[in-house]
Amino acid sequence: MLYTKHVPVMINEVDNYLINKRNGLYVDCTLGDGGHSGYLLNKYPHLNILAFDWDEDSVKAAKNNLEKYNNRITVVRENYKNIGSVVKSLNINYVDGLLIDLGASSNQLENTDRGFSFKSSVLDMRMDARLSNDAKDLLNNLDEERLSDIFYKFGEERFSRPIARLIVQERQKQDIVSGNQLSSIVIKAKKNKNSKIHPATKVFQALRIAVNGELRNIEEILKIIPDILTSGSRVVILSYHSLEDRIVKVDFRENHKNGKYKLLTKKVVCPSAEEVDKNPKSRSAKLRAVERL
């Protein structure tokens, strides 16, 4: 499949907060198709990058897009939460900076074969095809209470209970296997409540988070990060909803209090109006950054 170029979010802000050593070794924990890494490798000719992505398609696309930087980037198909064991296997003692962009890539969301979209013919949502359970498995096997908990906890969906109830009723007639099916059920359960976003947005977000263990992955890597940084190393994290941002904010502030981090962003940094105008998908981005003491 051909990949369209994903527009890297807040690229100038990422550059300004992340790069503290122009010839350093940096980690891109969420490579995608290589937008952020490509920009940094092009701007800093002596910079090296260790990049992670657990999506096989993204790894292939990034390697193709960044082919001319092959001597300065190492790409690993792995969940970023396993960064500790990877750097150890590569005999890396510390890195000079680390970037995590927690947004799902446009290529994932817009590819109907991946099952992330409202119009998809399947309900997969796995960022790594090696994961055992997909969204369809959860929808058709979890009980009403568990589904409701997922929608409320991971999607902050106020109508989680009636949605879960109707899903259980509908799946008794036939399995729920497509994005269109699920969207229709959610719309019916919410009884056309007015919303600025698609009525099923929060349910799809919640399922994606549950399938991929996204919040747990963030919590796990945040525990590891201080141990692979040296004094002056920086961490930049881009989040896209309050659940992610809250986890990052709490961790950064706690490590600031215990003397590990200096806060580079005391308040969250958002994209400029100009960027949002050019790339509306960036509008929900929130950037936080720290420096290792």
> Would the range 184-206 turn up any residue that is under 16 Å from the mean Cα position of the chain (by Cα), touching a residue at least 24 places away in the same chain (Cβ under 8 Å) and in a strand (DSSP E or B)?
Replying inline: no
>> Tell me the residue from 75, 87 that is part of a strand (DSSP E or B), over 16 Å from the mean Cα position of the chain (by Cα), outside the structural domain of residue 176 (by TED's automatic domain parsing) and β-branched (Val, Ile, Thr), please.
In response: 75
> Among the residues of the range 248-262, is any in contact with a helix residue (DSSP H, G or I) (Cβ under 6 Å, 6 or more places away or on another chain) and among the aliphatic types (A, V, I, L, M)?
Replying inline: no
> Listed residues 155, 179, 232; which is in contact (Cβ under 8 Å) with a residue 24 or more places away in the chain and on the phi > 0 side of the Ramachandran plot?
Replying inline: 232
> Quick one: how many residues across the range 274-293 are over 14 Å from residue 12 (Cα atoms) and either in a helix (DSSP H, G or I) or β-branched (Val, Ile, Thr) (or both)?
Replying inline: 5
> (1) crowded, with 19+ Cβ neighbours inside 10 Å; (2) touching a Gly at 6+ places or on another chain (Cβ under 9 Å); (3) not aliphatic (A, V, I, L, M): which one isn't true of residue 33, the others all being true?
Replying inline: (2)
> Of these, 145, 156, which one is in contact with a Lys or Arg (Cβ under 7 Å, 6 or more places away or on another chain), surrounded by fewer than 15 Cβ atoms within 10 Å (Cβ to Cβ) and over 30 Å from residue 260 (Cα atoms)?
Replying inline: 156
> What are the pairs, 6+ residues apart or on separate chains, where a residue within the range 261-272 that is touching a residue at least 60 places away in the same chain (Cβ under 8 Å) has its Cβ under 6 Å from a residue that is in a loop (DSSP other than H, G, I, E, B)?
Replying inline: 271/10; 271/285
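The values are calculated or read from the model by the stated rules, or taken from the named source; none is laboratory data. Just so it is clear, the model here is predicted, and its values are computed rather than measured. Cβ coordinates were reconstructed from backbone atoms using ideal geometry, including for glycine residues, and neighbour counts include every protein chain displayed.
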